[in-house]
Ligand SMILES: [Zn+2]
């Protein structure tokens with residue numbers, strides 16, 4: 001409560017107006033936050049555009065713009081967080097942390113595959129051109145995705161498909177990672 005009353009007195013003090021001026025977010029910082037989320041809403045099941053820059057801890061409290069406290073959200077998720085409080089702060093912190101883990105660990109196609117499974121919870125496989133396998137390398141290496149050929153699924157692959165496309169199954173581990181990501185739990 002003391003913090004609230006302190007804020008109130010600062011706001012009502014005409015000499016303290018400079019304290020209440022909120023500077024614009026520096027362009028480079030804004031760009032970094034947008035790039036981190038791929039210019040889409042950072043909520044893994046949303047991923048809508050356009051996006052706004054949101055403060056995880058409100059600007060009124062921190063009074064600074066820092067990368068770790070900023071996250072890209074669509075207007076709807078921004079409202080759900082700031083106004084409706086449907087997403088809590090710890091969850092938002094974890095979304096931000098997971099964004100960083102996934103960005104550091106995986107490439108663009110891998111992130112797209114993870115997003116696909118996040119958006120389609122009933123799907124457990126995906127067909128992709130076999131020539132792109134190198135771009136799925138870390139999902140395969142980490143055991144989140146597995147090449148379905150030779151695992152009882154090759155029967156579904158036509159001769160034409162074996163040349164052009166490969167079926168990749170989402171593993172139990174892959175499903176767990178996606179569930180954690182969706183539910184704002186820590187991804188190890
Ligand atoms: Zn959103």
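Rule-based calculations on the coordinates, nothing more; no lab input. All figures in this text were calculated on a predicted structure; none of them were measured in a lab. Note: ideal-geometry Cβ built from the backbone for every residue, glycine included; neighbour counts use all protein chains shown.
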Fill in: Förster-model FRET efficiency, 25 Å R0, residue 176 and residue 130, C-beta, rounded to 0.05
0.45
Item to complete: Quick one: Debye curve from the alpha-carbon atoms of segment 17-105 only, equal weights, vacuum; give me log10 I(q)/I(0) at q = 0.12, 0.13, 0.23 Å⁻¹ to two decimals.
Response: -0.34, -0.40, -1.21
Fill in: Relative packing of peptides 99-105, 67-73 - highest average C-beta neighbours within 10 Å first
67-73, 99-105
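Counting pairs of Cα atoms in segment 29-188, how many percent are more than 22 Å apart?
On the way: 5850 of 12720 pairs.
When every Cα pair of segment 29-188 is considered, 46 percent fall beyond 22 Å.
So for 116, 106, fewest C-beta neighbours within 10 Å to most, what's the order?
Numbers: 116 13, 106 20.
Taking fewest neighbouring Cβ atoms as first place, the list is 116, 106.
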Worksheet entry | Gain on full stretching of the segment that runs from residue 122 to residue 52 - 0.36 nm per residue minus C-alpha separation | 22.2 nm
Practice prompt. Using R₀ = 22 Å, calculate the FRET efficiency as 1/(1 + (r/R₀)^6) where r is the Cβ-Cβ separation of residue 79 and residue 108; round to 0.05.
Written response: 0.15
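Calculated FRET efficiency, residue 67 and residue 22, Cβ-Cβ r, R0 25 Å, to nearest 0.05?
Working: r = 17 Å, r/R0 = 0.69.
Step by step, r from the Cβ atoms, then E = 0.90.
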